[in-house]
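Participant: Handing you this structure, nothing more for now.
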Amino acid sequence: MIVIGENGKLVAVDKDSQQAIDKITEPTVLTAKKMRSYRYHKKFFQLLKIAYQYWQPVYNNDFHNKSENFVVEAGLTSEQINLFKVVYKKELKRLEPKKNKEQFRKDLIIKAGFYEIDYRIDGTPRVNAKSISFEKMGHEEFHKLYGKVKDVIYDIILKDISTFDKANFENEINNF
């Protein structure tokens, strides 16, 4: 990223930007693009980080209960059923879902209504979170996304916490 300094000259904010400036040897016309606030971008990731800490996934036991019931109803002997349960529980531990920050971020963005739909190779639709990169999302859209994601967090993750905890949540977001 390159910014215009007080004297009107280009100023690099990092090593890569300085190398880009150094490559300009002749008078060159540059196109400037107003970027959204880097600080606001960091605040969004602080919001996600704190929400992720508050989030406790709810494990859906229905699938596993149905699997065990199916085995019982299949007419297997009690010895076969017990063997199945031992093997199945070992597999469950291996396959047990884990919290994932990247997926959490994407899910919040999708729930907030910022997504694109494409097709898988088998023709079924797939919903993807919209990119929040500086190049792909301007300030206005990012500002809307921030507000909508925050609403989703309050509606889904923080819905059962006290007013005091919500105030603490807000303080943690603003004090990064």
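Read-outs: derived from the displayed coordinates by stated rules, not from any lab. Worth saying up front: this structure is predicted, and the values here are computed from it rather than measured. Here the Cβ is made from the backbone with ideal geometry for all residues, glycine too, and neighbour counts use every protein chain on show.
Participant: Take peptides 83-89, 41-47 and line them up by average Cβ neighbours within 10 Å, highest first, as a rough protection proxy.
Facilitator: 41-47, 83-89
Participant: Here's another thing I want to ask about it. Output wanted: per-residue J couplings in Hz (rounded whole) for segment 147-160, from phi through Karplus 6.51 cos²θ - 1.76 cosθ + 1.60, θ = phi - 60°, x for Gly and Pro.
Facilitator: Residue by residue, segment 147-160 yields x, 5, 5, 4, 4, 4, 4, 5, 6, 9, 8, 9, 4, 9 Hz.
Participant: On full extension of the chain, what length is gained from residue 81 through residue 168, given 0.36 nm per residue of separation minus the C-alpha to C-alpha distance?
Facilitator: 26.4 nm
Participant: Place the peptides 101-114, 12-25 in order of packing, highest mean first, counting for every residue the other Cβ atoms within 10 Å and averaging per peptide.
Facilitator: The densest-packed peptide leads the list: 101-114, 12-25.
Participant: Now for a different question. If amide H atoms are built 1.01 Å from N in the plane of the peptide, which residues on other chains or at least 5 residues away come under 5 Å of the amide H of residue 115?
Facilitator: 130
Participant: Can you list the HN-Hα couplings for segment 127-140, worked out from phi with the Karplus curve (6.51, -1.76, 1.60; θ = phi - 60°), rounded to whole Hz and with x for Gly and Pro?
Facilitator: Once rounded to whole Hz, the list reads 9, 10, 5, 5, 5, 9, 4, 4, 6, 9, 9, x, 4, 4.
Participant: Let me ask something else about it. For a protection proxy built on the mean count of beta-carbon atoms within 10 angstrom, sort 135-145, 156-166 highest first, please.
Facilitator: 135-145, 156-166
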